[in-house]
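Since the structure comes first, as structure tokens, the remarks are kept for the end.
The values are calculated or read from the model by the stated rules, or taken from the named source; none is laboratory data. No experiment lies behind these values; they were computed from the predicted model shown. So basically every Cβ, Gly included, is an ideal-geometry build from the backbone, and we count neighbours across all protein chains shown. When the accessible area is computed, the model is the full protein with side chains, heavy atoms only, and any ligands, DNA or RNA have been set aside. Shrake-Rupley method; radii C 1.70, N 1.55, O 1.52, S 1.80 Å.
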Amino acid sequence: MESWTRTSTVLFHVQKGYNLQFIQRARQIHLSHQQYAAAPINTGILFVPQQEAWVVERMGKFNQILDPGLNFLIPFIDKIKYVQSLKEIPIAIPHQSAISADNVTLTIDGVLYLRIYDPYKASYGVEDVEYAVTQLAQTTMRSEIGKISLDTVFRERESLNIAIVTAINKASSAWGITCLRYEIRDIQIPKRIQEAMHSQVESERKKRAAILESEGIRTSDINIAEGKKQSRILASEADKLEKINRAEGEAKAIVANAEARATSLIVLAQALSKEEGKNAASLNVAEQYVSAFKQLAKSSNTILLPANASDVSSMVAQAMAVYTNLASKNEKPKLEEYDRGEYISDDEK
């Protein structure tokens, strides 16, 4: 009869248009009374299921808590008043409005997971454990969200969940329950704020893309400049080595030519000092004379010839006379030097 009366009250409030939270509260009370009405009947011999605790009253006063397994009670005197589940209980926290520190209205819902660890306190410490925890979770959530800004809500969900669990456990210790965890399920923000956030995200992404593009261009220009610099350095070093090698080669060639010329002159001098050496020199001069006139004829149309160009023997004789004159001049300084040295040595004596 009592259950039917409460159901009728709920329907009356729905027809009158009362708020949803009041209707949910009435429904929870109705379900709790249904649970109490469905408590097991005392038959004297009872079997308690695992992970359940049956609270027994004797003549209206708390007597004992039945453990899982076989139990014995006195019929009509003992009454099973409450049946508490020791399992983990999920409770859906309905949508609620909360205002963040930067004055943005949010609509948030979540899921709360709790467990009863003291059936006595859960039965006699509060009228309805689930309703009390739900209200405490909602007020704690509003209080915690009011301390942080909108951006922090999205960025620090985990820390917000931990703060809510800590606050619930601190307040519900007298109820014989413990809150295991709280999870924010959905966060709804006003449409204008959502559009502004989307615009902000889009502008941030465009800014990041422009920065990355400019950094890429800068890196590319730096790489190109570094490449040109290294290329010029390597080219200059190669040119330097080439010039050094060419100069060293030319120096060695000059030295080699000079040595070859000196060797040839020594050989020529030795040959001239021998018998018939002058005749060989005369033959060589005559050959060079003929060859020189031959080259003159090839190089130019205008040729200057001596008066006696056909007289080869006179030209050879003139050449040998020059050679003899130079040789005699080279021998005189040697003799004068020898006589001077000998004269000095006589004075010293």
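At full extension, Ile211 and Lys243 could sit 6.8 nm farther apart than now, given 0.36 nm per residue minus the alpha carbon distance.
Give me the percent relative contact order of the range 143-220, please, defined on Cα pairs under 8 angstrom at least 6 residues apart. Each step should come with its number before you reach the end.
Values: 23 pairs, mean separation 15.7, N = 78.
Relative CO of the range 143-220 lands at 20 percent.
Translational diffusion coefficient of the range 82-132 at 25 °C, 0.890 mPa s, Stokes-Einstein with Kirkwood Rh over Cα pairs, in µm²/s as a whole number. Walk me through the numbers on the way to the answer.
Details: Rh = 13.2 Å.
Roughly 187 µm²/s, to the nearest whole number.
In the context of the full set of protein chains, residues of the range 226-265 present 86 Å² of accessible surface per residue (probe radius 1.4 Å, heavy atoms only).
In terms of its C-alpha gyration tensor, the range 154-216 has a prolate overall shape, because the principal axis ratio a/c (a ≥ b ≥ c, square roots of the eigenvalues) is not below 1.5 and a/b outweighs b/c. Amide H to amide H, with H built 1.01 Å from N, Tyr82 comes under 5 Å of Val55, counting only residues 5 or more places away or on other chains. For the range 178-253, the Cα-based Rg and Dmax, in that order, read 31.5, 103 Å.
Karplus-derived 3J(HN,Hα) values for the range 217-228, using 6.51 cos²θ - 1.76 cosθ + 1.60 with θ = phi - 60°, are 5, 4, 5, 5, 4, 4, 5, 5, 5, 5, x, 5 Hz; glycine and proline are entered as x. Residues whose amide H lies under 5 Å from that of Ile148, counting only those 5 or more places away or on a different chain, are Ala101; hydrogens are built 1.01 Å from N in the peptide plane. Can you compute 3J(HN,Hα) from phi for each residue in the range 147-161, using the Karplus curve 6.51 cos²θ - 1.76 cosθ + 1.60 with θ = phi - 60°, rounded to whole Hz and x for Gly and Pro? In residue order, the calculated couplings are 8, 10, 8, 5, 4, 5, 4, 6, 7, 10, 5, 5, 5, 5, 4 Hz.
Database remark: amide H of Gln64 closer than 5 angstrom to the amide H of Val56 (H placed geometrically; neighbours at sequence offset of 5 or more, or on other chains; Pro and chain starts carry no H). The loop-placed chymotrypsin sites (Phe, Trp or Tyr not before Pro) in the range 40-102, going by DSSP, that have at most 11 neighbouring Cβ atoms within 10 Å of their Cβ come out as Phe76. Protein heavy-atom surface of the range 79-150, 1.4 angstrom probe: 50% of the accessible area is carbon and sulfur, with nucleic acids and ligands not counted.
For the residue pairs Lys121/Lys147; Lys229/Lys252; Lys61/Lys121; Lys147/Lys170; Lys87/Lys170, alpha carbon separations beyond 23 Å are given by Lys121/Lys147; Lys229/Lys252.
A prolate overall shape is assigned to the range 145-185, the ratio a/c of its alpha-carbon gyration tensor axes (a ≥ b ≥ c) being 1.5 or greater and a/b exceeding b/c.
Once you have a ≥ b ≥ c as the square roots of the Cα gyration tensor eigenvalues for the range 32-146, tell me rounded if a/c is under 1.5, and otherwise prolate or oblate according to whether a/b is larger than b/c.
On the way: a/c = 3.66, a/b = 3.05, b/c = 1.20.
Taking the square roots of the gyration eigenvalues as a ≥ b ≥ c, the range 32-146 is prolate.
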